[in-house]
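Chemist: Pasting a structure here, questions to come.
Nothing in this text is a laboratory measurement; each read-out follows from the coordinates by a stated rule. A quick note: this is a predicted structure, and the numbers were derived from the prediction, not measured. Ideal geometry is used to build each Cβ from the backbone, glycine not excepted, and the neighbour counts take in all protein chains shown.
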């Protein structure tokens with residue numbers, strides 16, 4: 001794709017072996033230098049063991065806003081997480097437990113962790129979405145106590161809704177910045193399992209903010225498997241890019257992109273759409 005105008009915006013996700021234990025068995029980390037220079041980095045992986053994700057390290061904080069998403073890889077039901085999780089927030093290490101798909105907001109400077117998987121019923125997934133081109137952090141010493149509810153507003157169940165259907169999402173989770181303590185970010189995760197165009201008879205779409213589309217599969221034994229083949233057209237030139245492996249597409253603000261077409265599905269797959277703006281906005285071009 002290097003000899004095409006928009007080829008650098010379409011990149012294969014190269015999954016690697018993770019730390020293991022309760023931490024990721026397999027994951028990919030992508031920084032802003034691979035995302036058209038966006039002030040954004042993300043991690044997505046699979047987890048299947050109990051315990052502390054970073055034994056002995058305690059809490060840490062970041063000089064940027066971050067979201068921690070916990071989700072399941074079920075082929076039919078996005079409302080199933082498949083694990084019991086405990087996460088500590090604040091320098092007081094106030095603990096919060098959940099067993100359903102959840103997003104935790106960690107604003108700039110907010111201490112978080114230890115993060116503990118208490119039980120695993122089925123391998124599950126985790127995204128971190130961070131508003132910085134580069135990842136960095138520092139340890140925070142535990143201090144003080146709370147009533148157990150001081151940081152409860154930062155832990156939010158992700159509601160699964162029925163999607164448009166057809167080749168578009170069967171189920172979708174969509175969250176805007178006003179639901180994320182005012183972060184300048186919106187996201188939508190969808191479950192897809194049919195061929196065809198996502199938005200039949202629609203033209204090009206543009207956004208007023210930078211956007212990333214992360215295509216990933218459900219084979220928790222091998223995250224390098226997408227299970228589908230898709231084509232996206234980018235730019236007024238209708239430049240086509242086809243892929244059948246996990247892929248991230250970066251779309252700088254104002255870049256036209258045409259309805260995605262799925263030509264083959266062997267196994268349900270997911271797409272995480274991340275917009276670097278507080279609220280989802282788009283317009284269709286003729």
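Chemist: Would you mind checking region 243-268 for residues with the amide N under 11 Å from a putative spin-label position 7 Å along Cα→C-beta of residue 5?
Modeler: Hits in region 243-268 for residue 5 at 11 Å: 256.
Chemist: Between residue 155 and residue 253, how high is the FRET efficiency from 1/(1 + (r/R0)^6) when r is the Cβ-Cβ distance and R₀ = 41 Å? Nearest 0.05.
Modeler: 0.85
Chemist: Now, a different point. Taking a virtual spin label 7 Å from the Cα of residue 244 along the C-beta vector, which residues in region 253-279 bring their backbone nitrogen under 18 Å of it?
Modeler: Residues 261-270 fall inside that zone.
Chemist: Now a separate question. Need one word for region 161-284: rounded, prolate or oblate. Basis is the Cα gyration tensor (sqrt eigenvalues a ≥ b ≥ c); a/c below 1.5 gives rounded, then a/b vs b/c decides.
Modeler: In terms of gyration-tensor shape, oblate.
Chemist: Next up: Could you tell me, in Å, what Rg and Dmax come out for the Cα atoms of the chain?
Modeler: 18.6, 59
Chemist: Could I ask something else about it? Could you work out the relative contact order of region 150-286? I mean the mean sequence separation of Cα pairs under 8 Å and 6+ apart, divided by the number of residues, in percent.
Modeler: Reported as a whole number, the value is 32 percent.
Chemist: State the Cα centre-to-centre distance between region 225-286 and region 125-150 in whole Å.
Modeler: 31
Chemist: Rounded if a/c is under 1.5, else prolate if a/b beats b/c, else oblate: with a ≥ b ≥ c from the C-alpha gyration tensor eigenvalues square-rooted, which is region 10-157?
Modeler: oblate
Chemist: Do you know the relative contact order of region 10-157, to the nearest whole percent, from alpha carbon pairs under 8 angstrom that are 6+ apart?
Modeler: 31
Chemist: Continuing with the same structure: Quick one: order 138, 179 by neighbouring beta-carbon count within 10 Å, fewest to most.
Modeler: 138, 179
Chemist: I would also like to ask the following. Please give the length that would be gained between residue 221 and residue 77 if that part of the chain were fully extended, namely 0.36 nm times their separation in residues minus their C-alpha to C-alpha distance (nm, one decimal).
Modeler: 50.0 nm
Chemist: Taking 22 Å as R0, compute the FRET efficiency from the Cβ-Cβ separation of residue 108 and residue 19 and round it to 0.05.
Modeler: 0.30
Chemist: Additional query: If you stretched the chain out fully between residue 231 and residue 95, how much longer would it get, using 0.36 nm times the residue separation minus the C-alpha to C-alpha distance?
Modeler: 44.6 nm
Chemist: Place a label point 7 angstrom from the Cα of residue 138 along the Cα-to-Cβ direction, then list the residues of region 56-71 whose backbone nitrogen is under 15 Å away.
Modeler: Inside the label zone: 59-64.
Chemist: Run the numbers on region 1-54 and let me know its relative contact order in percent, using alpha-carbon pairs under 8 Å that are six or more apart.
Modeler: Once divided by the residue count of region 1-54, the mean separation gives 31 percent.
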